[in-house]
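*Asks:* Provided herewith is a single structure, encoded as structure tokens, for subsequent inquiry.
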Amino acid sequence: MKNNFEVLEKALSGELKYDTSTLLQYATDASAYREVPLAVALPKTKTDIVTLINFAKENNLSLIPRAAGTSLAGQVVGNGIVVDISKYWGKIIEINTENHWVKVEPGVILDELNMALKTYGLFFGPETSTSNRCMMAGMVGNNSCGSHSLIYGSTRDHLISLKMILDDGIEYEFGDLTRAEFEAKCELNSKEGKIYRFFMDVLSKGNNRTEIIENSPDPTIKRRNTGYALDLLVTDTFFGSDSQTFNLSKLIAGSEGTLGIITEIKLNCVQLPPKEKAVVAVHLKERNQTFKANLIALKFNPSAVEMMDNVILNCTKGNIEQQKNRFFVQGDPGAILIVEFYRETKEEIEIAAKAMETELMATDMGYHFPIIWGLETGKVWALRKAGLGVLSNVEGDAKPVSLVEDTAVAVDKLPEYMEEFAQIMAKYHLDCVYHAHIGTGELHLRPVLNLKDPKDVELFRTIGLEVAHLVKKYRGSLSGEHGDGRLRGEFIPVMVGEKVY
Ligand SMILES: Cc1cc2nc3c(=O)[nH]c(=O)nc-3n(C[C@H](O)[C@H](O)[C@H](O)COP(=O)(O)OP(=O)(O)OC[C@H]3O[C@@H](n4cnc5c(N)ncnc54)[C@H](O)[C@@H]3O)c2cc1C
């Protein structure tokens, strides 16, 4: 293969690396997986990407598209050629301030995009805790979202269209098509025509549509990243709704680099939030109270509801960086709910916060409700976002692991679901950390396991499977934002059913 790589290297205007040091750097992402790739390519042009595709086909190798490599489920770890677009694909192509959209190359970093948009009073709605490094193709690949998914949804919701090079080496654009345009595509004698004919064939049959919908997460769940988003090609298109269009880019969002290499992305932008913002840090005595307290908080139209449990809060105590961000924490709460309000005036926020506090107190939930205003809210969010980082520093070999850290169920089912989840943890005598996006039914649940111990490695899979069945029972999504990757890929048939799979 080395000889072949030498030939490939010469054919690229970008770079190809296959020295041990580079390969080791690319053997991991942010997951528990490690596999050394055969080579790492840094393509500079579309021709380079086509050359890589042809080379992979000739040599029966896989290509692994990679942006910043912050995936948590092993999406960018594999034994093929890693195609890293982070170096040469970072240009913002066009900002349209009138119609609020932006066209970017795949390697634009989210924070940099938002800095450019801020000048025009705009920003990209979905955010991740990795916003200072994650890139737009990575966000599309994983259909990422963050603390404000309650109001901004996920990346898919803001994706207008994209360009992607498929395995025939041709770049296609996927965006809104009218029925007439869709039918015209079906007539094409090309890969594109074949793709649209496939969807025409599958989605025009009523029994297929029913099977897809019945095996998909509850439609009220905004965070839905398990498998390909086939259900949305039914519910959001002329195949199964009043919609006049069909947009295949909605399925490419969340496809985790399995369909082609994205070369350009057109995204919707939103206006900067209203002037006034504040968070109420609802202190709860017991962690289990948060699931019902969340339902009360949601009645008051917050922009976000997030959770930190006592394990995370305790970890931040000994962390020098985080100590200053704990200024609002009183006592040793079992959990804190961070309820954020965006409003036009301070008075509106005060009214909402007071009404929420009154209702929580009436049900004996919460003992301290500080309101944190304006820029100070940044510290609260910094504490909340520190979650995963501080957990990784837990002493000893047993660590809170990413395995079932991404489940989402309908918020009203969360109390019941979490009761059953806790029973699974109790059955295996496991501690578990709970944090993050409770307002949208997603909690990052991290059982504490020692992956150096073969017994816990076995348990890792057992827990994964049992929780997959539990999520299915509640019609939830096994992945709400992090994607399936190698971690959850094997459970997709459980979630979507064998036929749809
Ligand atoms: C500490 C920490 C906190 C996190 N917090 C969040 C969070 O709040 N919300 C959230 O949603 N996620 C979160 N994540 C997960 C991760 O940061 C996001 O999924 C992020 O959007 C991935 O971006 P990336 O640039 O790192 O992409 P990568 O990890 O490089 O890739 C992501 C996927 O996109 C595919 N891809 C990349 N480029 C292309 C391309 N050009 N063409 C086709 N496919 C491509 C890859 O193959 C892969 O499947 C977190 C991760 C960490 C480590």
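*Asks:* For GLU416, GLU306, GLU276, GLU171, give the ranking by accessible area with the largest first, probe 1.4 Å.
*Replies:* If we order GLU416, GLU306, GLU276, GLU171 from most to least accessible, we get GLU416, GLU171, GLU276, GLU306.
*Asks:* Sticking with this structure for a sec: If the cut-off is a Cα-Cα distance under 24 Å, which lysines reach LYS455, setting aside same-chain residues fewer than 8 apart in sequence?
*Replies:* Cross-link targets: LYS399, LYS427.
*Asks:* Here's something else I'd like to know. Using only protein heavy atoms and a 1.4 Å probe, report how much of TYR501 is accessible, in Å² to the nearest 10.
*Replies:* 150
*Asks:* Reachable lysines from LYS2, Cα under 23 Å, same-chain residues fewer than 8 places away excluded?
*Replies:* Partners within reach: LYS10, LYS17, LYS44, LYS57.
*Asks:* Which value, in Å², gives the accessible area per residue of the chain when a 1.4 Å probe is used on the protein heavy atoms? Provide the component values of the computation, followed by the final result.
*Replies:* Values: 21540 Å² over 501 residues.
With all protein chains present, the chain gives 43 Å² per residue.
*Asks:* With θ taken as phi - 60° and the coefficients 6.51, -1.76 and 1.60, list the Karplus ³J(HN,Hα) couplings across region 52-65 in order, rounded to whole Hz; mark glycine and proline as x.
*Replies:* 5, 5, 4, 4, 4, 5, 4, 9, 6, 10, 9, 10, 10, x
*Asks:* Label 7 Å along Cα→Cβ of PHE198; region 156-186 residues with amide nitrogen under 11 Å?
*Replies:* 167
*Asks:* Can you work out the Karplus-derived ³J(HN,Hα) for every residue in region 197-209? Use 6.51 cos²θ - 1.76 cosθ + 1.60 with θ = phi - 60°, whole Hz, and x for glycine or proline.
*Replies:* Calculated HN-Hα couplings, in order: 5, 4, 5, 4, 5, 6, 7, 7, 8, x, 5, 5, 4 Hz.
*Asks:* Another question about this same structure. Average projected area of the Cα convex hull of region 92-270, in nm²?
*Replies:* Values: hull surface 41.8 nm².
That works out to 10.5 nm².
*Asks:* Equivalent-ellipsoid semi-axes (√(5λ), Cα gyration tensor) for the chain, whole Å, largest first? Walk me through the intermediate numbers first.
*Replies:* On the way: eigenvalues 279, 140, 114 Å².
With the √(5λ) rule applied to the chain, the semi-axes are 37, 26, 24 Å.
*Asks:* What FRET efficiency comes out for the pair VAL36/GLU344, r = Cβ-Cβ distance, R0 = 45 Å, nearest 0.05?
*Replies:* 0.25
*Asks:* Next up: Can you give the convex hull volume per residue for the Cα atoms of region 2-84, as a whole number of Å³? Show your work: numbers first, answer last.
*Replies:* Numbers: hull volume 6.7 nm³, N = 83.
Given the Cα convex hull of region 2-84, per-residue volume reads 81 Å³.
*Asks:* Subtracting the Cα-Cα distance from 0.36 nm times the residue separation, let me have the gained length for GLU416 to ASP111 in nm, one decimal. Walk me through the intermediate numbers first.
*Replies:* On the way: separation 305, 0.36 × 305 = 109.80 nm, distance 3.73 nm.
Gain in length upon complete extension: 106.1 nm.
*Asks:* Return an integer: the convex hull volume of the alpha-carbon atoms of region 239-373, in Å³ per residue. Walk me through the intermediate numbers first.
*Replies:* Working: hull volume 29.7 nm³, N = 135.
Looking at region 239-373, the number lands at 220 Å³ per residue.
*Asks:* Per DSSP H run of n ≥ 4, the term is -39500 (n - 2.57); total these for the chain, divide by its residue number, and report the mean residue ellipticity at 222 nm rounded to 500 deg cm²/dmol.
*Replies:* Numbers: 21 runs with 185 residues, N = 501.
Here the helix-only value at 222 nm equals -10500 deg cm²/dmol.
*Asks:* Would you check the accessible area of VAL380, probe 1.4 Å, heavy atoms only, in square angstrom rounded to 10?
*Replies:* 0
*Asks:* Separate question: In the structure shown, do any of LYS379/LYS472; LYS292/LYS324; LYS275/LYS385; LYS87/LYS266; LYS118/LYS277; LYS277/LYS385 have a Cα-Cα gap over 27 Å, and if so which? The partial results should precede the final answer.
*Replies:* Values: LYS379/LYS472 37 Å; LYS292/LYS324 30 Å; LYS275/LYS385 23 Å; LYS87/LYS266 20 Å; LYS118/LYS277 17 Å; LYS277/LYS385 18 Å.
Over 27 Å apart, Cα to Cα: LYS379/LYS472; LYS292/LYS324.
*Asks:* How much accessible surface does SER402 have with a 1.4 Å probe, in Å² rounded to 10?
*Replies:* Near enough 30 Å² of accessible area.
*Asks:* Just for the Cα atoms in region 394-491, what are the lengths along the principal axes, largest first, rounded to whole Å?
*Replies:* 36, 24, 22
*Asks:* I would also like to ask the following. Rounded to two decimals, what is the ratio between the C-alpha radius of gyration of region 29-138 and 2.2 N^0.38 Å?
*Replies:* Working: Rg = 15.8 Å, N = 110, 2.2 N^0.38 = 13.1 Å.
Its radius of gyration relative to the 2.2 N^0.38 Å reference: 1.20.
The values are calculated or read from the model by the stated rules, or taken from the named source; none is laboratory data. Treat the numbers as computed from the prediction; the structure is a model and nothing was measured. All Cβ positions, even for glycine, are placed from backbone atoms using ideal geometry, and neighbour counts span all protein chains on display. We work out accessible area using only protein heavy atoms, side chains counted, and drop any ligands, DNA or RNA first. Shrake-Rupley method; radii C 1.70, N 1.55, O 1.52, S 1.80 Å.
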